[in-house]
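The values are calculated or read from the model by the stated rules, or taken from the named source; none is laboratory data. For clarity, every value in this text was computed on a predicted model and none was experimentally measured. Don't worry about glycine lacking a Cβ; one is built from the backbone with ideal geometry, like all the others, and counts go over all protein chains shown. Note: accessible area is taken over every heavy atom of the protein model, side chains too, but ligands, DNA and RNA are not part of it. Shrake-Rupley method; radii C 1.70, N 1.55, O 1.52, S 1.80 Å.
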Amino acid sequence: MISVAIVGSGPYALSLAAHLNPLDVDYRIFGPVMEAWDKHMPPGMFLKSDGFASDLYAPGDGYRLEEYCRENDIPYAPVGPPVKRTTFVDYGKEFQRRFAPGLEETMIVRISQIPGGYELETAEGDMVQAKQVVLAVGISHFPYLPKVMDGLPREAVSHTFHHGPFDAFRGKRVLVIGAGASAVNAAVALNETGAETELMARAAKISFHDRSPDYRPLIDRIKNPRSVIGLGWRSKVAVDLPLLFHVMPQKLRHKVVAKHLGPAPGWFSRDGFVGHVKPYMSCRLEEVAIVGSKVRVCYRDADGVAQELQVDHVMGGTGFKPYLKSLKFLDPKLAAKIRTAEETPVLDSNFSTSVDGLYMTGLASANNFGPMCRFACGAKFTARRLSRRLARKA
């Protein structure tokens, strides 16, 4: 029985592995490296986070994105020019080679509790026993579709996360639902692929975020300090004081995570969207149904008038919600023991669930430690704190 099994292979999992190495903790790590970023994002996408906020984390000076770009003659700036998705993926793979060379690129399909720890089953049917398990699964299990879209065949209705390239939609009429980065990025990519692309959202407009200025006057830097999740004191405090956030009332924590940094595509996607994708704003989706070979979409427009569209496919860019029930690989008896609030896991100050030895990180921990855990940059605090806890328990 090993000390720790890490389920996941993205920024949180890899950063944690890097921090466990010098602590001599006996661990194994499972998952296709950087899969969510590599296989489930539009090919030409850019990261919303600036370069300085797009690092993976190892102890000490670590191995930062800036260093990777310098080694490979890739243009880099800490703020301003956006980071290409492909650059971030390749950087993550190089980080894995250096800091988690023992990564096993297989999926874990079942986790159950056994005396003294846990048993994990791989996709190949191999069994692994571990005293402690860290679920660092990122967003992969949490794509969210509204009830009006949920349950329909994926050939007709899907989530943006279900796709990488959009070549299959060339020549098709596709309606994207949502006003955030996932929706707009998908709409731009679909249009560039050759789909007739439209977008529908409840919002009155698309709120593209602004490019980070290269220089800011001192007074502006005082009023709106920069953090890895954006400008302003609210973001700065959320990043610098996650343990203070943890002790705030539960209802307030959930509200802050839901409201802070709402849907906002990157500034660099504006040119590909405006004038290319037809928007339906201030609309309320009422019904999505399959009619023959088409998908019928019934909605209320900005004036409250009932309207209808018929398209070839509806795609939800409707975000991710870390509901515990979405983790189908958890044995039902184990899942039933995990305490939740609003269907999301309740964690202690060391990322532990209510079941001893089972931990959750990333998006699944956001309601406990703040909005930074919705982004890759939250891996720094998580890896430092959780690695110490795992080492003590080991």
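Of note:
- Relative to the dominant Cα principal axis of the chain, helix 379-393 is inclined by about 30°.
- Here the spin labels are modelled as points 7 Å beyond Cα on the Cα-Cβ line, and at Ala123 and Arg110 they lie 1.7 nm apart.
- In this calculation the C-beta distance from Arg70 to Met281 is compared with R0 = 45 Å, giving a FRET efficiency of 0.60.
- Centre separation in Å (Cα based) which lies between the range 152-208 and the range 1-64: 28 Å
- Our helix-only sum for the chain, with -39,500 (n - 2.57) per DSSP H run of n ≥ 4 divided by its residues, gives a mean residue ellipticity at 222 nm of -7500 deg cm²/dmol.
- Over the range 249-394, the reciprocal of the mean inverse Cα-Cα separation, the Kirkwood hydrodynamic radius, stands at 18.8 Å.
- Projected-area average for the range 338-394 over all orientations - Cα convex hull basis, square nanometres: 3.6 nm²
- The mean sequence distance of close C-alpha pairs (under 8 Å, at least 6 residues apart), as a share of the length of the range 3-95, puts its relative contact order at 31 percent.
- Under the shape rule built on the C-alpha gyration tensor, where the axes satisfy a ≥ b ≥ c, the range 186-287 is oblate, since a/c reaches at least 1.5 while a/b does not exceed b/c.
- Ranked packing of 156-169, 198-211, most packed first, by mean Cβ within 10 Å: 156-169, 198-211
- Cα centroids of the range 243-269 and the range 71-146: 24 Å apart.
- Max mean-square fluctuation residue, GNM over the chain, Cα-Cα springs under 10 Å, options Pro371, Pro59, Pro115: Pro115
- Globularity ratio of the range 18-142, using Cα Rg and 2.2 N^0.38 Å: 1.21
- Across the chain, the mean sequence separation of Cα contacts (distance under 8 Å, 6 or more residues apart), normalised by length, yields a relative contact order of 22 percent.
- For the chain, the longest principal axis of the C-alpha atoms and the axis of helix 181-193 are separated by about 60°.
- Ordering of 141-148, 240-247 by packing is 141-148, 240-247, highest average first (other Cβ atoms within 10 Å, averaged per residue).
- Here the accessible area is traced with a 1.4 Å probe on the protein chains. For the chain, carbon and sulfur cover 51 percent of it.
- Counting all C-alpha pairs of the chain, share separated by more than 26 Å (%): 55 percent
- Among Ile338, Ile177, Ile29, the largest mean-square fluctuation in a Gaussian network model of the chain, built with springs joining Cα atoms closer than 10 Å, belongs to Ile338.
- Averaging the sequence gap over all C-alpha pairs within less than 8 Å and six or more residues apart, then dividing by the number of residues, gives the range 139-264 a relative contact order of 19 percent.
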